[in-house]
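*Asks:* Provided herewith is a single structure, encoded as structure tokens, for subsequent inquiry.
Coordinate-derived values only; no laboratory data. If you're wondering where the values come from, they're calculated on a predicted model, not measured in any experiment. With ideal geometry, Cβ positions are generated from the backbone for all residues, glycine too; neighbour counts draw on all protein chains shown.
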Amino acid sequence: MVNKDQVAGVAKQVKGSVKEAAGKATGNRQTQAEGTGDRTAGKVQKAYGDVKDKVKKAL
């Protein structure tokens with residue numbers, strides 16, 4: 001079972017990866033940095049969703 005935090009986290013990771021690649025391609029460091037931040041935030045949110053899921057299954 002997948003919860004909303006896992007889905008949102010993966011979506012943020014994808015968005016961040018695209019933004020980061022666009023920043024690299026255009027030489028825009030700000031966009032690249034924003035993409036890196038979005039990707040990292042997505043990883044954190046997905047990990048939070050994974051923990052929530054494991055706790056729910058354990059109870």
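*Asks:* Can you flag which of 12/56; 24/46; 12/57; 24/52; 19/56 are past 29 Å Cα-Cα?
*Replies:* 24/52; 19/56
*Asks:* Also, quick follow-up: If each residue's Cβ is checked for other Cβ atoms within 10 Å, how do 56, 15 rank with the fewest at the top?
*Replies:* Numbers: 56 10, 15 16.
Result, fewest neighbours first: 56, 15.
*Asks:* Still on this model: Along the Cα→Cβ direction, 7 angstrom out, place labels at residue 43 and residue 14. What is the inter-label distance in nm?
*Replies:* 1.9
*Asks:* Return 39, 29 ranked ascending by Cβ neighbour count within 10 Å, so the fewest neighbours appear first.
*Replies:* Final ranking by Cβ density, sparse to dense: 29, 39.
*Asks:* Oh, and also: Taking +1 at the Cβ of each Lys and Arg and -1 at the Cβ of each Asp and Glu, which of 55, 14, 41 sits farthest along the dipole of the chain towards its positive end, judged by Cα position relative to the Cα centre?
*Replies:* Comparing the listed Cα positions along the dipole, 55 ranks first.
*Asks:* Kindly put 38, 53 in sequence by how many other C-beta atoms sit within 10 Å of each C-beta, fewest to most.
*Replies:* 53, 38
*Asks:* Picking from 49, 27, 37, which is most flexible by a Gaussian network model of the chain using Cα springs under 10 Å?
*Replies:* Top of the fluctuation ranking is 27.
*Asks:* Moving to a separate point now. Taking 8 Å as the Cα distance limit and 6 or more residues as the minimum spacing, I'd like the relative contact order of the chain as a percentage.
*Replies:* It comes to 44 percent, rounded to a whole number.
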